[in-house]
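The values are calculated or read from the model by the stated rules, or taken from the named source; none is laboratory data. The shown structure was predicted, so the numbers you read here are calculated from the model rather than taken from an experiment. Cβ sites come from the backbone with ideal geometry, for glycine too, and all protein chains shown count toward neighbours. Protein only, heavy atoms only, side chains kept; ligands, DNA and RNA dropped before computing areas. Shrake-Rupley method; radii C 1.70, N 1.55, O 1.52, S 1.80 Å.
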Amino acid sequence: MMPARRTPSRLLDRLPKVRGRLSADAVLANTTWFRVGGPAEVLFRPADLDDLADFLAARPADVPVTVIGVGSNLLVRDGGVPGVVIRLGRGFAGISAQNNAIVAGAGALDLNVAHVAGEAGLSGLEFLCGVPGTIGGALRMNAGAYGGEIKDSVVWAKLVDLHGRRYCLTADRLGLSYRHCAVPEGWIFTEAKLKGRPGGDRQAILARMGEIQAARADSQPVRARTGGSTFANPSGHKAWELIERAGCRGLKRGGATVSDKHCNFLINTGAATAADIEGLGEEVRRRVFETSGVTLEWEIRRVGVPLGPLARDTAARDAGA
């Protein structure tokens, strides 16, 4: 099923002037790892922090804003995303080693941050090479892997709210816990300082990163069209074990399937729609609850408007929330 055709957005006429780029009806499927989903009504790529803050300050209050990174843990629904989608690009991707710490823009890839830290002889950030995505996304969900979490490393983070006001919050004010951040949903991370342990052996750090990447390739379908870990681990459980026990390994819906390699990953086999993927995830949640009494919570972020039967199902779930 192809996303519905839409008339060109007139939202552009209502938006403030920017130095970056505003694009109407922008394709998002090519920017997400799932490679599915409808367009952004308007996509905004700010030139820099001032451009972002000025845009938010002048934005009409009724225009919704959605922030995305590189789409590694994101499902864009088939009806697209209303309002403005903001994607932080090159102006937010800087990385530098400063006084036994790394200062990185929210658009910097986690892998690149790990490499810069390793080259500077700073240990403790190796885990980031096993976290797909950007620093902004890692902060928003307190990403972690292979024995590390972002909450254990962050010193401060800089943000902009939906009115363009700027903040610098220390780690204790971010409210980071397992796959959770207490910062209001609309606030946008722009930069962070991450502490490392000085005096590390560069070769040993890089070797550890190699081990992490090899382990990830061994256990996860890293070359498939996937969105990373689908569900967070419930307290006292591992999501993949619950999915396995519910008989969901290899389960299919349309062009989507539960990975045979790691059953907490959903895969677009090539012809899936966002509705196939989300519907399959909901079926996995249903079967896990029936067999274990445990409700799995989505770790993949889902944005936009559903189409077809999924739209009715989503509306019903939201009404019951």
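Brief remarks on what is shown
- Efficiency of FRET from Cβ geometry, V305 and A47, R₀ 35 Å, rounded to 0.05: 0.75
- Relative to its residue count, segment 188-314 spans a Cα convex hull of 162 Å³ per residue.
- Whole-percent pair-distance distribution, where bins are 5 Å wide, for the alpha carbons of segment 1-120: 2, 11, 19, 19, 17, 14, 9, 5, 3, 1, 0
- Protection proxy ranking, highest mean first, for peptides 32-39, 129-136: 129-136, 32-39, where packing is the per-residue count of other beta-carbon atoms within 10 Å, averaged.
- Share of carbon and sulfur in the accessible area of segment 15-64 stands at 49%, probe radius 1.4 Å.
- All lysines inside 24 Å of K252 as judged from Cα atoms, apart from same-chain residues fewer than 8 positions distant: K238, K261
- Annotation: peptides 264-277, 233-246, ranked by per-residue average of other Cβ atoms within 10 Å with the highest first, follow the order 264-277, 233-246.
- Nearest-10 value in Å² for the accessible area of I102, using the 1.4 Å probe: 0
- When each of the peptides 81-92, 175-186, 252-263 is scored by the mean number of other C-beta atoms lying within 10 Å of its residues, the order from highest to lowest reads 81-92, 252-263, 175-186.
- Note: relative contact order over the chain, using C-alpha pairs below 8 Å and six or more positions apart, is 17 percent.
- Accessible area expressed per residue, segment 35-97, with surrounding protein chains retained (probe 1.4 Å, Å²): 33
- Fraction of the pair-distance distribution of segment 136-188 above 14 Å, Cα-Cα pairs, percent: 48
- Segment 178-251: translational diffusion in µm²/s, Stokes-Einstein, Kirkwood Rh over Cα pairs, 20 °C, 1.002 mPa s: 129
- Farthest positive-ward along the chain dipole, Cα basis, beta-carbon charges - from C129, L74, F55: F55
- Our summary of shape: the Cα atoms of segment 87-232 have principal axis extents of 44, 37, 28 Å, ordered from largest down, in whole angstrom.
- Label separation (S292 vs D62): 4.5 nm, computed from points 7 Å beyond Cα along the C-beta direction.
- Segment 169-207 residues near the modelled A217 label - backbone nitrogen below 17 Å, point 7 Å along Cα→Cβ: 206-207
- Qualifying lysines (Cα of each under 20 Å from Cα of K151; at least 8 residues distant if same chain): K193, K195
- With 10 Å bins from 0: P(r) over the chain, alpha-carbon pairs, percent: 6, 25, 33, 26, 10, 1
- Additional length obtainable on full extension of the chain from V18 to D201, 0.36 nm per residue less Cα span: 61.4 nm
- Summing charges over neighbours of L206, with a neighbour being any other residue whose Cβ is under 14 Å away from its Cβ, gives -2 when K and R count +1 and D and E count -1.
- Accessible area of segment 187-270 divided out per residue, in Å², using a probe of 1.4 angstrom: 50
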